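Following: one structure in structure tokens, then a few remarks.
Rule-based calculations on the coordinates, nothing more; no lab input. What you see is a predicted model, and the numbers here were worked out from it, not measured in a lab. So basically every Cβ, Gly included, is an ideal-geometry build from the backbone, and we count neighbours across all protein chains shown.
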Amino acid sequence: MRYLNKHVYRLLKQNCGYTILLFLMVVLTSFMYFFVEFSVDRNQVRIQEYAETQHLEDFRFQLQEDTDRSRVLEKIHTEAIIEEKRFKKVTQISTNYYLLAPPQMLNVPYLLEGRLPVASTEVALMLQYMDNHALTIGDSITIGNHNLTIVGSMFLPDYQSFIPFNDLKQDYNQATFGVVTPDMYHMINGQEERYYAAQFKPGVDSGSAELRLSSDPAFSYLAFDSGLESSTEPLIAIDSNQSLAHSFLFLFTLITLFIFYMFYTRFIRLHRQDFGCFKALGYTARQISCAPLVYSLILSTAGGLVGMVLGFFGSSVLIQMYAQMYSFPFWERGLELRSILFGLWIPVIGTVLVTWMAIFPFLRQETFYVMHNTIKPLPNGRLTAAFQSVIGLLPETLRLPLRVVLRKWNAIFLSATAIFLMTLLFIMSASLYQSSGVALESQTTGMNYMYDIRYPDLREDEATSHGTSMYYLRQSVQLIGVDGQEFSGELVGMDNQGTQVQFMNHENTLILPAELDGIVVSEATCRLYGIQSGDTVQLIINHQPHNVSVREISRNGEADTIYTSKTQLARWMNVSPSMHNGEYSNDSSQDSNARVVTAENKLAALRSDAVSSQSSAVINQVAGILVGFLLIYLVILLNVQDSQKDMHILRLLGYSHRDINRMLVDVYKPLFVLLYMLAVPFAILTARAILRMISLQTGDYIPFQIHWWILILILTIILLQYQLVVSLFKRKVFKQTKGLGLECIPSHE
């Protein structure tokens, strides 16, 4: 038994190039999984613990102005803890300070260093803002003409993504939350926002309570924690990345198992007489297959462990990205036991099982058939015959290379897989890169205003202000599409006066919502929910349904916003058409209660959203290059190893090294071009479907974008990789064929 294993190991080690490739495929599979998983597992748990420790709210709400506030609050208080939240936005030299008094029960700040303020001259700020501005505890800053001393650095659990209530996402470089004493809060002037945070009491059925609250007309605003972007965005990003890790593991494992299967079927074909001799000596199929099984076990286990170690170090890239994008104090690398077992054992068990499937059925044959060195040719199917007929019509210089290619269908399959995966990953990365620019353009084109001013109450239009302002009505709404899909957004009724906002369709024709008897939806709504121009949809406004027709699809405007005429929305809201609760203006508001979103802040928020897409694009590009290179290397390796005898004979017949390379080595370039042309449509459809799925999962629309020069670039990269691999093998073949003699020709005596 010892001699048997030793001999089989010696045969396996002769395939050094194949062994290295198998090892690298396992390493890549493991790395792509653990690279993401190391940044996910521990943080999923820590975010949940953080929410519980800091008493994160379960829902937040605002009440209608004409509601009996005390009665509604008393009713809610029977099943939930309630705390009123207030913060003031103070803008000073392009910096936004969001100041609040210290929370007492819910959304308690997490102090990283120092303490919360106890004197009116003290303030605690966000850690990211302090780091970006080189501020430390003890430094002084001026906010609203008040000189304050920094006494603590903190995180706010209800704003893990810096999106203040009813405001845009903020940049930590130009904005921060600050906790001040109640006295200082009242002294500072600023734009104030008020709402209630609430947490269900122990024993309350939160599901039933949410249904009751959702149907209560007393709320002007109601959002549960699962729908709050500011607190759930990090967890959504982590869950999305975990799905990506599982997809990588599944996809790369399938490719790796196929390569293992190819290796062992070829290994058996080359050494069938050796195995037959062992069977003749009395060894069983189980004993003979033991060495290959152990070999695969060692190879896949070592590759998995190396990939896990590389994934540990590589995950720091994602951890740093999380820390820059989200406000959470405990970003760290870590793995759960289930993830370790999942990431290691799936490739290991798979490779061992595939090895057994490739070897054991063959070894169960009769010894005579195992030892017989004649391999039955594959049946000449109709497809092969058709290809051979076509090849016969081609120039003589192309016939032999194409026949060489067609005799290895497994290499053709691997070539198609490599090209499809590279094309898919690069198209996705190009779309992710360009989507940020498209979103930037779609939400800024036609927006000719400096300030978006939103009022907490309804106000009468002023005819004298139409030169600098465009009035609108804004109302939260639910839209139910023709297929029953439902989503929440904002419905904006546009005035017919002013040119501060201009909508365009895909024919670059101006859309005037005020003149349409219906609604205008964005391209994002159209793509994600399958809503087309002419469809009849249902709008739920203040719990009242309204059937309305979709008149136009706008390529610009806000992604989650539906537009209609101000007159029509006023009728649905039961208010006068001369009322408004917002305006697009080029003059800043003097009302301290108004919420003002500047065009500059909107632009900064859009640019911040682009960071995540660009990071994902880089990951896709790296994965595409690695997978493509390894599979192309495997294709050429298969071809060179199977053509060794042909190369020797051609060399002895007087063919030059260049002719041998042209006929037997460099034969896949035309096939790669053809396969690429066939793969592009399928890769585009797949990438479009994946991006749509990600958009629905995350709530951020990622438009599919592709340009002709991207397709040319992808083909160029594929051919460059191919040429690099071929060059490596050409040198290897040259060394092997140099100085060969007639002994290379097998004897027929």
In the structure shown, of LYS89/LYS602; LYS6/LYS279; LYS89/LYS201, the pairs separated by more than 22 angstrom at the C-alpha atoms are LYS89/LYS201
Dimensions of region 279-343 along principal axes (Cα, Å, largest first)? 69, 19, 11
For GLU52, what is the net charge nearby, where nearby means another residue's Cβ is under 15 Å from its Cβ and Lys, Arg count +1, Asp, Glu -1? -3
Output wanted: per-residue J couplings in Hz (rounded whole) for region 671-680, from phi through Karplus 6.51 cos²θ - 1.76 cosθ + 1.60, θ = phi - 60°, x for Gly and Pro. 5, 4, 5, 5, 5, 5, 4, 6, 7, 4
Highest mean packing first, using Cβ neighbours within 10 angstrom, the peptides 131-141, 233-243, 334-344 sort as 233-243, 334-344, 131-141
Rounded to whole Hz, the Karplus (6.51, -1.76, 1.60) HN-Hα couplings of region 209-220, x for glycine and proline: 5, 5, 5, 5, 5, 5, 8, 8, x, 6, 8, 8
May I ask you to evaluate 6.51 cos²θ - 1.76 cosθ + 1.60, the Karplus curve with θ = phi - 60°, for each residue of region 122-127 and list the ³J(HN,Hα) values in order in whole Hz, giving x for glycine and proline? 10, 8, 10, 10, 5, 4
How far is it, in nm, from the label point at ILE236 to the one at LEU728 when both lie 7 Å from their Cα along the line to the Cβ? 4.2
If you stretched the chain out fully between GLN497 and HIS146, how much longer would it get, using 0.36 nm times the residue separation minus the C-alpha to C-alpha distance? 122.2 nm
Just add up the charged neighbours of PHE87: K/R +1, D/E -1, any other residue whose Cβ is under 15 Å from the Cβ of PHE87. 0
Order of 114-121, 192-199, 153-160 by packing, highest average Cβ count within 10 Å first? 153-160, 192-199, 114-121
Rounded, prolate or oblate, given the Cα gyration tensor of region 131-242, with a/c below 1.5 counting as rounded? prolate
Under 12 Å from the Cα of LYS85, which aspartates and glutamates turn up, not counting those fewer than eight places away in the same chain? GLU57, ASP158, GLU192, GLU193
